[in-house]
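K.L.:
Here it is: the structure, laid out below.
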Amino acid sequence: YMLHDQTQAAELERTFIAIKPDGVQRGLIAEIISRFEQKGYKLVAIKLVVPSKEFAQKHYHDLSERPFFNGLCDFLSSGPVLAMVWEGEGVIKYGRKLIGATDPQKSEPGTIRGDLAVVVGRNIIHGSDGPETAVDEINLWFKPEELVNYTSNAEKWVYGVN
Ligand code: GDP
Ligand code: MG
């Protein structure tokens, strides 16, 4: 059958979301996943990994000139990171809204960082900042076969089509 346009768009947009070692160690995995799940986004990949420092440097390559780069990469590689791919209409931009501003002091209440973090160096979660970085980050963290294709039972209710 023909997929409705909206359903197709929802399936096309994907973002990379990671709970950093502070979020994992603080027991915030379920809380953070819930926010994406309850919004109506679809989980398509998930794994717990301890990235090497070299891997962390690749992930944050855009920030290599910043003074906090070394500490940031040490931190990201210091323990388990929960790496995920979430899918849905507008998920890249709205995922960033759910996460909140980079500095938790400036994140609105109701956002993940606003509700659950206090300082910029321990802001518990990463989310891709645009379509190109989303593709790059998904490809860096996941092999194609780790992305699961399935029809979510919720989809027809979330999008109201078919
Ligand atoms: P994000 O996309 O909101 O995560 O922010 P950026 O891409 O600008 O920075 C990546 C990460 O580097 C942030 O999530 C913070 O953990 C860290 N970071 C950013 N700015 C600062 C800073 O001024 N000081 C420190 N210590 N860490 C920072
Ligand atoms: Mg960023």
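K.L.:
Picking from Glu13, Glu87, which residue would you name as being touching a residue at least 60 places away in the same chain (Cβ under 8 Å), open to solvent by less than 60 Å² (accessible area, probe 1.4 Å) and either within 15 Å of ligand 1 (Cβ to nearest atom) or touching a Lys or Arg at 6+ places or on another chain (Cβ under 6 Å) (or both)?
P.N.:
Result of the check over Glu13, Glu87: Glu87.
K.L.:
Can you name the condition, by its number, that Glu137 falls short on among (1) surrounded by 13 or more Cβ atoms within 10 Å (Cβ to Cβ); (2) of a type outside the set (A, V, I, L, M, F, W, C); (3) out of contact with any strand residue (DSSP E or B) (no Cβ under 9 Å at 6 or more places or on another chain)?
P.N.:
The number of the failed condition is (3).
K.L.:
Could you list, in sequence order, all residues of region 31-71 that are in a helix (DSSP H, G or I), of a type outside the set (A, V, I, L, M, F, W, C), in contact (Cβ under 8 Å) with a residue 12 or more places away in the chain and surrounded by 12 or more Cβ atoms within 10 Å (Cβ to Cβ)?
P.N.:
Scanning region 31-71 gives Glu31, Arg35, Lys39, Lys53, Gln57, Lys58, His59.
K.L.:
So Arg96 ticks every box in (1) open to solvent by 80 Å² or more (accessible area, probe 1.4 Å); (2) more than 11 Å from ligand 1 (Cβ to nearest atom) but one. Which box is left unticked?
P.N.:
Arg96 satisfies every listed condition except (2).
K.L.:
Same structure, new question: Provide a single number: the residues in region 115-152 that are part of a helix (DSSP H, G or I) and within 16 Å of ligand 2 (Cβ to nearest atom).
P.N.:
Residues that pass the stated criteria total 13.
K.L.:
For region 99-133, give me each residue that is open to solvent by less than 40 Å² (accessible area, probe 1.4 Å) and more than 12 Å from ligand 1 (Cβ to nearest atom).
P.N.:
Gly114, Leu116 - these are the residues of region 99-133 that are open to solvent by less than 40 Å² (accessible area, probe 1.4 Å) and more than 12 Å from ligand 1 (Cβ to nearest atom).
The values are calculated or read from the model by the stated rules, or taken from the named source; none is laboratory data. All values reported here derive from a predicted model rather than from experimental measurement. Every residue, glycine as well, gets a Cβ built from its backbone with ideal geometry; the counts of neighbours run over all protein chains shown. In case anyone asks, the SASA skips ligands and DNA or RNA and just uses the protein heavy atoms, side chains included. Shrake-Rupley method; radii C 1.70, N 1.55, O 1.52, S 1.80 Å.
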